[in-house]
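To keep things clear, I will list the structure first and then write my remarks on it.
Just so you know, all these numbers are worked out from the coordinates, no wet-lab data involved. Since this is a predicted model, take the numbers as computed values, not measurements. We place every Cβ from the backbone using ideal geometry, glycine too, and count neighbours over all the protein chains shown.
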Amino acid sequence: MSFCAIVSRLSQSHRQPLFPRTRPARWAVAALVAALLDLATPTASTAQSVLPNGPASAPQPAPTRPLLDSVQIDLGYAYDDNVTLGRAHDEILWDQSLALDASASRALRIGDHARLVVTGLLSGEKFSRYDGLSNLSGGLNAELQYRQSGAFDAITFAAFARGWLDNYASHLRDGSHFSIGVNARGALTDRIGLSGELAWNRRHAQSEVWDLTDYSALLNLDYSLGRSGTLYLNGEYRRGDVVSDGHATLVNVSLAKVFVLDDAFPDEQWFAYRSEARTWISTVGYNLPLGERTSLDISWRRVQSTPTAHLDFDVQGSLRYVDNQYSIVLLKLF
Amino acid sequence: MALARPIGWIFAAAAALVLAACGGGGSPGDVHPGTEITIVPGQPNEFLLFPNPQVQPDGSLQTNTDAYAQAYYAAIDPHNTKDTVAKWRAANGFDTGTGTQVTVVFGDARDLGFGRRMTARQNPDGTLAFYVENYLVKTGGAYAFSPVNLEAAIVRDPNALVYVAGIEFSPGPAGGVSFAKYFNFDVVTGVRENMADIDGRGDKAMPGPCIACHGGRADALTPPDASGNPRFNLLLNAVSGARGDVLGQLPPFEVSTFQFSETPGFTRAEQEPMLKTMNMWVLCSYPLPAPSPSPEDACRRPASSGEWQGTAAALIKAAYGGDGLPDPTYVEPSTPASWAAAGQTSLYETVVAPACRVCHQLRGTGRQSDIDFTTYEKFQPYAERIFATVIDRGNMPLAQLLYDTFHASAGEAALADFLVDQGLPARDAGGAVLQPGRPIADPGPDRVVRQGATRLSATNSLFADTYAWSIVSGPNGTVPPSGASLTDANTAQPTFNATTDGTYVLSLVASNASARSAPQSLTLVVQNALTPAPDAIRFADIKAALQDGTECQGCHNRVTPLKAPIDFTSYDRNGDGGVTPTDDAWFYAEVRSRINFAEIAASPLLQKPSGQHHFGGLGPGFDTSLAPGQPGRAKYDLFLNWILNGAPQ
């Protein structure tokens, strides 16, 4: 799974957008890495087939265009059992959503071993029960990549910066988010790819509740099943701000750095509150190729967040929240 | 060239990312826990203060100074045996297994907004003590009750514990009759504190914020005694005879105004028995004006005519089904018969019961009880004062939370209708209820002066910083006026110079950045033969007037059974064994204490002898229905000119 995909999915609030951009971004990265390899080794290398997210699990990029190297579209459905990221039982609401994402990339050669890859992203999400969560986001990802050689075990290093503009049906969430970080990826065997990323993520919104800052560390493992697809597994640790919704209870107010009456749940009179937490995110997924340029991605993502604040009084129940997101996404590369 | 294109892309991408990182700034609905409440400049902020806070020559409010609290605790605890919460609890027998002790937790949704954990006890000797932990989860901005505060009280969240209070009903240091005493302790150290911030609007000196509502008085301290420290005032109508007995009471627990949790152990139903017990204890602290066969009154001592008559007992009894207190739970009593008979049920239910009763039922004496508002006939004559405090000054209702609630309720319109019926302009031309915070011009009371320079003052004006004075008419109504002039007419304190006797009408308009007041007129009667000259009046002149015959001294004399709170005779006030000039200094302080420099016209020293809410009625020389300078109001003019000159000793 690509870093870009994960970060773009999580950095906004640790919940939205629900849809993983796993595969399209995965393909994009594959394409970009392939292009990078092309920079490093002018002739097509067999390494391409053993790269993480390599052609075995993704369609080949389209032929070179005047401006864009690749364009991807994906359409997905997701079910989220805790869109509020609620802590207490009576603060948990579920929802389901449809998403349509598009991305386009352009790789720019800088030297024999480095290049800049710029990717434009556009994403729309429509929720079924709580329309305030529906959103449209657009952004850019710029990644400076370096690879010493085209050798099979050569590691690709990258530094990146990503920025999005977010527009929500919930006005309070409108704003932008931004990430910078570094990553590295490489192949362990001809079937196993491993990657990792460190990032600093920042979000600004109309309400300070969604003015979020966190640090993240991510590790991803891909296991290629050849023509049968790719299994992937990743784990991420985040330390920083999270947003939950719930009642104006002493526990929630005590955890909150700032809270606001959430316009995404107008019938509930619930408050969204920002608190600091340790968050573990784990994802397991399967990408099934449906042709040269199409695949289907199925994933389960589990988020567990525990506040770092210590409360000086007895609390009934746990302070942590758990969120499960199940998604199925149809990916198409042009 | 090969490099230029990628660099261009880099710059383009960077620019886009920078733009993407912009945004935010916060929404108006954002709430930051822990933030103190917002105090809006120019809006009413005189909460939990006495209407007469004893303004000193330097502008300080003596009842809100550390010295005031020091004198109070020196009076009620001279040996500091209760200067920590541990010592106070021990002195009152908490957790000793003796007496009776109960604990309740509720939300004070009406008055102060706290979640309150209150442990009350009655000792075997009948003394009472209430230990109160007050919890407030600060959420900034608005000041309001939140169920979160109640939650905090239940779990005893130390971060939300903002105020620890102790109230005891016990004899003074020298023994005798029990009276209420008020303590405030640091929430961390437990050390008794002189100042308390119980509404987020800044520190106020103890016991002021407690007794301002609990029936207490705000008399001035004495001059420094032999030790160099001022003493707390001695109220002559206090049965205890103790300094520090401020005539404060224990208010009834109006359970119907509380909020309760649904948490097992803290529901209203579970706590009603304890609350009834506490109300019965409170009832025991009330003096009994007449013998009663009811068993719940057996613990009450007979009332002196000069003190409060235990008026709030009626509320407790009515809430529990009447004499005998047969009902197990508190029910808000129906409108008293006198109010209903006056056809003022709505006024009572929307204004008096929710916004006035809590404090006013603890005020008044056996001689002069109209301020308790227990009947419409008592309430109605206070219309002008109600207009001044609620519509103009915004210092009533006394607590910010109650103030906000009142102005958001139907009571605001009901009170305005009442005031309009009384001829007071409580609504603007469009019919809207006037709100405190608008500029109010106050040129001071009409008075008589001599020819020459007279300093005027607009400093009693409200919510204003700009002033415009003018002379409207001269002697015999001449327009344009002649015979007088104004200098510094656009200042708070211009000078009026008259060269001709006669009656002059002046006008004052006060303004702030956003509004102008209605013009307020001032009538000055110039009599060059006026004696003594206004600026020559001293306390000796006032003392002579007070001691002129028996008009004042007849009642205001500690040896009479009337038990007025102040004695206008000369006696050994400082207890040094003789009547000396020092006693005159103490006398002066007592008389000055009856001047409200924040609202001069409302000074008891002027109002009482003028027949306003005064057991002695109208005194000779105080007839304010007469024009200034008339013999029938000569003493009023004398007192007024003395006050306007700063009440020099």
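Worth pointing out:
- Inter-part distance where the stretch B:139-205 and the stretch B:488-536 are each reduced to a Cα centre, Å: 46
- Among residues other than residue B:372 with Cβ under 11 Å from its Cβ, the summed charge is +2 (Lys and Arg +1, Asp and Glu -1).
- Virtual spin-label span in nm between residue A:306 and residue B:103, 7 Å along Cα→Cβ: 3.1
- Residues of the stretch B:216-250 with amide N under 16 Å of a point placed 7 Å along Cα→Cβ from residue B:543: B:223-224
- Part-to-part distance (alpha-carbon centres) for the stretch B:351-416 and the stretch B:286-330, which is given in Å: 23
- Neighbour-count ranking [beta-carbon atoms within 10 angstrom, fewest first] of B:217, B:455: B:455, B:217
- Here each label is just a point 7 Å from Cα along the line to Cβ, and for residue B:579 and residue B:299 those points are 4.4 nm apart.
- Calculated from backbone phi, Karplus (6.51, -1.76, 1.60) coupling profile of the stretch A:204-217 in Hz, x at Gly/Pro: 10, 8, 4, 9, 5, 4, 9, 7, 10, 9, 7, 10, 9, 9
- DSSP bridge pairs, the protein assembly as shown: antiparallel proportion in percent, nearest 5: 95
- Each of A:216, B:470 was scored by other Cβ atoms within 10 Å of its Cβ. Listed from fewest to most, they are B:470, A:216.
- Projected label points at residue A:219 and residue B:86, each 7 Å from Cα along the beta carbon direction, are separated by 5.2 nanometres.
- When the Cα gyration tensor is reduced to axis lengths a ≥ b ≥ c, the ratio a/c is 1.5 or higher for chain B, and with a/b not above b/c it is classed as oblate.
- For the stretch A:268-328, applying the loop criterion from DSSP together with a ceiling of 14 other beta carbons within 10 Å to the chymotrypsin sites (Phe, Trp or Tyr not before Pro) yields no site.
- Stretchable slack from residue B:35 to residue B:521, in nm (0.36 nm times residue separation minus alpha-carbon distance): 170.6 nm
- Entries in B:87/B:204; B:181/B:378; A:257/B:82; B:181/B:317; B:87/B:563 that, when Cα-Cα distance is taken, lie over 27 Å: B:181/B:378; A:257/B:82; B:87/B:563
- Karplus-derived 3J(HN,Hα), 6.51/-1.76/1.60, for each residue of the stretch B:362-373, Hz, glycine and proline x: 9, 10, x, 10, x, 8, 9, 10, 5, 6, 7, 6
- Cβ-based exposure ranking for B:360, A:89, in which fewest neighbours within 10 Å come first: A:89, B:360
- For the stretch B:78-107, the residues whose backbone nitrogen is under 14 Å from a point 7 Å from the Cα of residue B:191, taken along Cα to Cβ, are B:83-86.
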